[in-house]
Structure formats: C-alpha cells, structure tokens
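Data block below; observations after.
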Amino acid sequence: MSGSGTDPSRQDAPHPHSTITDPTGQYIVVPDLGADLIRIFSIDASSGELTTCTSAKANAGDGPRHGSWWSPDNASVEGLMLYTVNELGNTVTGWKVSYPSSGCLTLNKTQTLSTFESGSPPSSTLPVKAAEVHIRGNFLYAANRNDQLFGSEQDSIATYNISSTGVLDFVEATNSHTWYPRTFSINKEGDLMAVGGQTSSNVAIIARDTETGRLGDLLANIQVATPGNDGQEDGLSAVLWNMSSTMNLQIPIPVTTPSKATTINECLTNASVPIDKKGSDSWDDDVEPFNLRLPYTPAAVAVPTTIDHIQAAVSCAVKFDMKATAKSGGHSYASLGLGGEDGHLMIELDRMYNVTLDTDSNVATVQPGARLGHIANELWDQGKRAISAGTCPGVGVSGHSLHGGYGMSSHKYGLAVDWIAGMTVVLANASVVHTSATEHPDLFWALKGAGSSFGIVAEYEFSTFAAPDEVTYFSMPFKWNASSAPAKLEALEAYTRDTMPAEVTMRMFSSARSSQLEGMFFGNVSGLKTALNPLLEETGLKIDQAKNTTWMDAFTHYANAPTDPTYPYSSQQTFYAKSLMLKSFNGTSAERFADYWYKEAPSNDRAWWFQLDLHGGKYSAVTNGNHSTSSYAHRDKLYLIQFYDQSFFGDYPSDGFDFLDDWVSQTTASLPKSDWGMYINYADSRLNQTYAQDVYWGENVPKLQSIKAAVDPEEVFFFPQSIKPVVAS
C-alpha cells in the first residue's frame, strides 16, 4: 500500500482477513480489508508455491473480509461467482469469475448491495460491522455484528436470493439470537443454521427452510463461555457442524415441535381471550402496517374486549417467553404496534373504544383502543368538553397520549399527556394496578412520556376542559428562498419565544408544491389579527384565510379524513420519517436548514414535506406545564419538526434514506447536543435502542431505566426503541 485507505483507522496497512481456495484448486483469493483488494494467487500444483496475480479492486472503503463461491451448476465453473462480504462498507459484492486460456483467474465486479434493507446500518455508538458470508443453494447469508436490529444484543443475519445469472436480491433480515455473530454454519441437510455470537459467547441453532431459504424459529441456545466485552471482539471465535445427520442433534426439530404461535394461541383460547386466526380477514386487517415499508409478522394476535383479556394475554406471553406488544391505533411510523420486529404477541386494542364522560366531575373514562376523532366527538356530544390532542382522527389514544400528544390546542392547553389524571395498567407480571399522582407515582410519571415500555394501559381517566364557544382557523401562504428564509425564521423564532399568546397554536407546513403558516386561534377574527400583527409586521406575511367557527368544525377542517373512526379502520402509506425537537433555530442552523429546503429538497421527486410546530415559548402551556409530573423530555424545546418522505408508487427506495438523514444532520451540525432531541411519536425506524433512548427521553433516561428494572426487568414490553432496564451493579 502506498498510503492509508478511506478509513485510516482500519486501513493504514494491508489486512488480509481470510484465504479462500477456488473450486478448481488452482487459485487462492484473499480479501484484504486494509487495502480494499481481493488478492489473487495461483498455486503451483507440484510445489505448492504461490504466484501473485493481479488483484481485483473493491470499492474504496469497503474493507472486504470474507467470501464464498457460487455457480448455477455446482458441477461446473461456468457462470462462477465469488461473493465477498465487506466489513467497513457493510455490503456484499458479487464478482464474475473468469479463467483465461493463459494467465491468472480474474474477478470483475458486478454488484454491491447493502447488508441492510434500508441501505445503511442503524446508528450505533460502536461500529456496525459485517462479518461472514455463506451460501447454500441459491441463497446467500451475511452476518451483521452490533447492529442490534432485533433489540439489545440481538444482531441480524441478512438473507439474499441469487438469480440464475448471479444477481443478488435482498430477501430479509432475521434475528441471529446472538451479539456480534462473527461466525455461522449451515448443516449438511440445510435445515439448520448454527450462529456463534462472539461477544455473547453463545451458539444459537436456528431453523432454515430448505425451499425458501428463510430462517425461522430459534430451536436451541447454548452458552459456551463467559460473554466478552462490547467492541473488544473477545469471546467465541468459530462454530462448525460436525455431523452427518440432524438426527444426531438432541434438540427439537420443527416438524415435531409445536410452534410458539400454536402454543400461545392454545393458551389464549384456554383463557377465553379472542384471537385472530392467521390467514383470516381480521388477521390480515390487524397486522397490516400503517407504514407499508415496515411489515412485521406477529407470532399471534390477541383481540381483547376486557381488562381481564389483556391480563390473560400478558400472562400467556410471559409463559411462552414472548414479547407482548399493545397496538391501539396502529399509526406507528416504525410499526412499533406490531412489535417493530417479527414474533411478538400483538395485543390488538381497537375493539375497546368506549368513551364515557362523568358530567359531574368532567372526567372522561376512555378505553385504550379509542381513536382521537372518536374521543373528540364523544366528549362534544356528551357534554361539550375536550382534551388537547392531535389533529389526525384515526390515531389511537394510547401511543399518542402516552408519549406526548401535540395538537392544534397545545399552545393554550398543553399536551394530551397533561390531561391524563389516572390509568389502569396491566404490568409485566400480569397484575393490574391503578396509577395516578398519588398511586404508584413513579410508574405514573414513567407512563406519562414513555408509556409503551412499562405496561399496557387498559383504561384512562382524562380531565377535560370546556370546548370553546368559538375558534378561528387561519393560513398564511408564503414564498421564501434560501437567501430570505433565515431572516424570516429568525423573526418567527423571536415571535414564538417572546410574543405569541397562548390563544394561538400555529405550525409551518411546506412541501414541494407550497408553503404556509397555519393554525387555530381561541377567539374571533379580530382578535386573531391583533395577536398575529407583530409577526406580520416583521415578516411581511399576510393572512390569506381566517374563518370563525365552532370547535368541532375546526377539528374537521384539520382532520382531512372521516372524523369519528372506530373499528374497522385502515390507512396505509409507504414512507420514511424523522423528527427534531429544537431549543433554537437561528444563525448557522437556520441557514443550513434553509439551504437544504430550497437547494437540495427540490431535486427529490417523491412526496416530501415537513411540519414545524411552534411548540414552546413564553406563553406556551407545554413550556409552562409542570416539568416534574411526566417523563416527556422536551418542554424546553421551542420547535417540534416532523420530516416526511413518501413514495406513492412502489417501494421506498433503498437509497432514499439519505434525503431526510442529511437534512436533519445538517440542521443539527452546529447545535450542541443539549439543544435538540427527537419525538418518538414520529419514530425513526433506523435508530438503535441506545441512541433512541437518548434523543427521545434525554436526561430522564436513568430514572426511566430504574423504573423499568423494577416493573419489567425481563423486558416483556420490548420494542427496538424501548427503555432498557438498568443493570444492577
């Protein structure tokens, strides 16, 4: 090497990582991680001496590590391919193999594909590193170390189909049931895979379908030695099969062992819990994700109609060592209501949607599957009451209110979570408790901001306020550019921070087609103009529409959908989303945000948009709420921004994620970490658990982890971005 490679910390010298003999026995190829080369040597048949051939060049920074051969006909080298896994690039590369009549074997690169369906690994404190590649039939498998794609210390195996011409197509990622799966091996019959977790020091035996190539259930797990240390690459190094038949393996084989789905369904049925039968219309409806980019398959679906049913379902999940996931409205951007991964017991709550208002106390009792539109209509019809909540009528009350819940009345009345007065909760041990400010107060605090990590809320008590006699909704279109936008944003920030009265709730909405500020005012048109006048004078904005109307008419205006949905309900899109919560949005950050908005975003021909809610400020009820009564971590943030990138036709592209990732990273690059976070109700599916905890819950994480350890130490209520229990020292 004449100098360092793309990654100087790993590529400052040659680093040959494995030696692979070709099918003819005449050549050795050596993936060199340090030099980004596939080194090729010919073997002298009589002496065994090696002669150096011309190396094949990998992509810069790929860091090739390991390889495996494949041909359409195992008896011939016709169409022979070499596939290498690249540690630094987290990719797999296909190489067409040629045997010239004279000279050495040559490799011609045909394809490089990520080991992640999204196109890039999830964010992680320590590097995510591809490890090994193995082929069986027309299926290729690659191991990913430290992606923790399936939860804490649960890395993935990527599966690809190999076409008749050697083209790879990503099939799926499955749980390796190990941490740092450095090595894996498929048995002779092809129906079992043994995965060796280097850091976890365990061997996981996983079922493999010989026809589809898909990996299935975990059949056995063997702890071989003391676990190693995160990032140190110590622990277990290799695993190999040494057997002629699976009959010699003393573990249950799938054909004779009932699946977890069968056994847990029997448990649920015996406990009189209604279930969806797989393949039924109700199953298909209940497991269809809102975000079609992220379909997951539960092991079973319970459909409770009572608190006792929920309690029994959690008990069955614990009995069969299965994660229990509640789904209220199913609107999760990361399909967290399905578990955020395959194999959970999904507890579908949307048949429990009753809303009952006590007209003496003005407290509403709300079942956990009620949707925001149904709640708004029932509170209005039963007593002209309301809670502060979002504008999408199909969103379920549970995910929305347990994690914040911002809407068009929040500047005056705060978040949905602020109106929760009490909750009846099913815990991980299947017990039922009632929580409030005076009953289990720590649990109440944790539920109000991070609720889905701590239990299943089976019933809510919401305080309510009198719905106003009149409100005014309004809009102010604008056309800015990269030069003018920073100053306009600075003026908007000053108004939001110091002047905007509580009676105004406002947001900015911008897409490729148009931009506007819009919102709702508690009062009449004249009062609105007075309230907005300081902003209009500084920015030149003009009110285009202002309509004085009733509370429910304004709700309908912003709903853009049927306003009273219950069951059944269905809504699907294909998209990627991110969020930002910002304390401040001026100076360099505003300039970078505006540059991306007006210079980079127009080149994206998908349906992108962002929504910037004026979340905080001197007169905001969110800011001025009691910060100690909930674990919602962002009351100090001025802005809540939702970024959305939708594909109307076909799948979301594997190279599309950079569009929003780069927008967010450029916006935050000049800001101290303490000045920004993210909002779990706009969940980013590509964040790992550690990073997600930090940006969603900030300084509240240590206390949340302690409470998690007390009420759910085994993580029964787990999803890929849930609160992780603190480990006792």
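Expected output is a single nm value to one decimal: the length gained when fully extending between residue 280 and residue 439, i.e. 0.36 nm times separation in residues minus the C-alpha distance. What is it? Mind showing how you got there, number by number?
Values: separation 159, 0.36 × 159 = 57.24 nm, distance 4.14 nm.
Extending this stretch completely gives an extra 53.1 nm.
Evaluate the relative contact order of the stretch 18-101 (contact order divided by residue number), counting alpha-carbon pairs under 8 angstrom at least 6 apart; express in whole percent.
The value is 21 percent.
Can you give the FRET efficiency to the nearest 0.05 for residue 431 and residue 572, using r as the Cβ-Cβ distance and R₀ = 51 Å?
On the way: r = 36 Å, r/R0 = 0.71.
The computed FRET efficiency comes out at 0.90.
Among 124, 31, 414, pick out the residue whose Cα is farthest towards the positive end of the charge dipole of the chain, where Lys and Arg carry +1 and Asp and Glu carry -1 on C-beta, about the Cα centre.
Value computed over the given set: 414.
Could you check the spin-label model distance between residue 670 and residue 78? Points 7 Å from the Cα along Cα→Cβ, value in nm.
If labels sit at residue 670 and residue 78, their model points lie 6.3 nm apart.
What accessible area, in Å² to the nearest ten, does a 1.4 Å probe give for residue 117?
130 Å²
Using the Cα centre of the chain as origin and beta-carbon charges of +1 (Lys, Arg) and -1 (Asp, Glu), tell me which of 95, 80, 361 is placed farthest towards the positive end of the dipole.
About the Cα centre, the residue reaching furthest to the positive side is 361.
What order do 526, 98 take when sorted by accessible area (1.4 Å probe), most exposed first? If you can, show how the numbers build up before the last one.
On the way: 526 80, 98 40 Å².
Heavy-atom accessible area, descending, gives 526, 98.
Can you list the equivalent-ellipsoid semi-axes of the stretch 24-68, largest first and in whole Å, using the square root of 5 times each Cα gyration tensor eigenvalue?
Numbers: eigenvalues 105, 19, 10 Å².
Semi-axes from the Cα gyration tensor: 23, 10, 7 Å.
For the stretch 508-595, just say rounded, prolate or oblate: build the C-alpha gyration tensor, square-root its eigenvalues into a ≥ b ≥ c, call rounded for a/c under 1.5, and beyond that prolate if a/b exceeds b/c, oblate if not.
oblate
Reachable lysines from residue 57, Cα under 29 Å, same-chain residues fewer than 8 places away excluded?
By straight Cα distance, residue 57 reaches 96, 109, 129.
To the nearest 20 debye, what charge dipole does the chain have about its Cα centre, counting +1 at the Cβ of each Lys and Arg and -1 at the Cβ of each Asp and Glu?
On the way: 47 positive and 79 negative charges, 149 e Å.
Dipole size: approximately 720 debye.
The stretch 482-539: D in µm²/s via Stokes-Einstein (Kirkwood Rh, Cα pairs, 20 °C, 1.002 mPa s)?
Working: Rh = 12.3 Å.
In µm²/s, the coefficient rounds to 174.
Can you list the lysines whose alpha carbon sits under 26 Å from that of residue 618, skipping same-chain ones fewer than 8 residues off?
The reachable lysines, counting only those whose Cα sits under 26 Å from residue 618, are 412, 448, 488, 529, 542, 583, 637, 673.
Please say if the stretch 1-158 is rounded, prolate or oblate, where rounded means a/c under 1.5 for a ≥ b ≥ c the square roots of the C-alpha gyration tensor eigenvalues, and otherwise the choice is prolate for a/b larger than b/c and oblate otherwise?
It comes out oblate by the Cα gyration axes.
Sort 462-470, 163-171, 391-399, 656-664 by packing, meaning the average of other beta carbons within 10 Å per residue, with the highest value first.
Taking the mean over residues of other Cβ atoms within 10 Å, the ranking is 391-399, 656-664, 462-470, 163-171.
Need the C-alpha centroid separation for the stretch 679-707 versus the stretch 639-678, integer Å.
Between the Cα centre of the stretch 679-707 and that of the stretch 639-678, the gap is 17 Å.
Using a 1.4 angstrom probe on heavy atoms only, work out the carbon and sulfur share of the accessible area of the chain in %.
Looking at the chain in its full context, I get 48 percent from C and S.
Quick check for you: which residues of the stretch 159-185 have the amide N under 19 Å from the point 7 Å beyond the Cα of residue 108 toward its beta carbon?
163-168
Which parts of the stretch 439-464 would a label at residue 382 reach, counting a residue when its backbone N lies under 19 Å from a point 7 Å out along Cα-to-Cβ?
457-464
I need to check one value: relative contact order of the chain, counting alpha carbon pairs closer than 8 Å and at least 6 residues apart, in percent. Before the final figure, lay out each step's value.
Working: 1785 pairs, mean separation 67.6, N = 729.
Normalised by residue count, the contact order of the chain is 9 percent.
Put +1 on the Cβ of every Lys and Arg and -1 on every Asp and Glu Cβ in the chain; which of 716, 623, 552 then has its Cα farthest towards the positive end of the dipole?
Of the candidates, 623 comes out farthest on the positive side.
Say each of residue 709 and residue 475 gets a label point 7 Å from the Cα, pointing the same way as Cα to Cβ; how far apart are those two points in nm?
Label-label distance for residue 709 and residue 475, simple model: 5.2 nm.
Taking Cα centroids, how far is the stretch 61-125 from the stretch 135-178 in Å?
Cα centroid of the stretch 61-125 versus Cα centroid of the stretch 135-178: 14 Å apart.
If you average the sequence gap of Cα pairs under 8 Å that are 6 or more apart and divide by the length of the stretch 81-143, what percent do you get for the contact order?
Dividing the mean separation by the residue count of the stretch 81-143 yields 31 percent.
Which order do the peptides 363-370, 544-551, 48-55, 450-457 come out in when sorted by mean C-beta neighbours inside 10 angstrom, highest first?
Values: 363-370: 24.1, 544-551: 15.5, 48-55: 12.5, 450-457: 26.9.
Top to bottom by mean Cβ count within 10 Å: 450-457, 363-370, 544-551, 48-55.
Can you compute the helix-only [θ] at 222 nm over the chain? Use -39500 (n - 2.57) per DSSP H run of at least 4 residues, normalise by all residues, nearest 500 deg cm²/dmol.
Rounded to the nearest 500, it is -6000 deg cm²/dmol.
Enumerate the residues in the stretch 480-524 having an amide nitrogen under 13 Å from the point lying 7 Å beyond the Cα of residue 586 toward its Cβ.
486-499
Nearest 20 debye, what's the magnitude of the dipole of the stretch 311-433 about its Cα centre given +1 on Lys and Arg Cβ and -1 on Asp and Glu Cβ?
That gives the stretch 311-433 a dipole magnitude of about 100 debye.
Give, in nm to one decimal, the length gained when the segment between residue 51 and residue 136 is fully stretched (0.36 nm per residue of separation minus the Cα-Cα distance).
Separation in residues times 0.36 nm, less the Cα-Cα distance, equals 27.5 nm.
Compactness ratio of the chain: Cα Rg over 2.2 N^0.38 Å, N = residue count?
1.04
State, to one decimal in nm, how far the label point of residue 484 lies from the label point of residue 727, with both points 7 Å from Cα in the Cβ direction.
Once both label points are built, they end up 5.6 nm from each other.
Suppose R0 equals 30 Å. What FRET efficiency, 1/(1 + (r/R0)^6) with r the Cβ-Cβ distance, do residue 308 and residue 607 give to the nearest 0.05?
0.10
The values are calculated or read from the model by the stated rules, or taken from the named source; none is laboratory data. Just so it is clear, the structure is predicted and the values come from calculations on it, not from any experiment. Cβ coordinates were reconstructed from backbone atoms using ideal geometry, including for glycine residues, and neighbour counts include every protein chain displayed. Remember, those area values only see protein heavy atoms, side chains included, never the ligands or the DNA or RNA. Shrake-Rupley method; radii C 1.70, N 1.55, O 1.52, S 1.80 Å.
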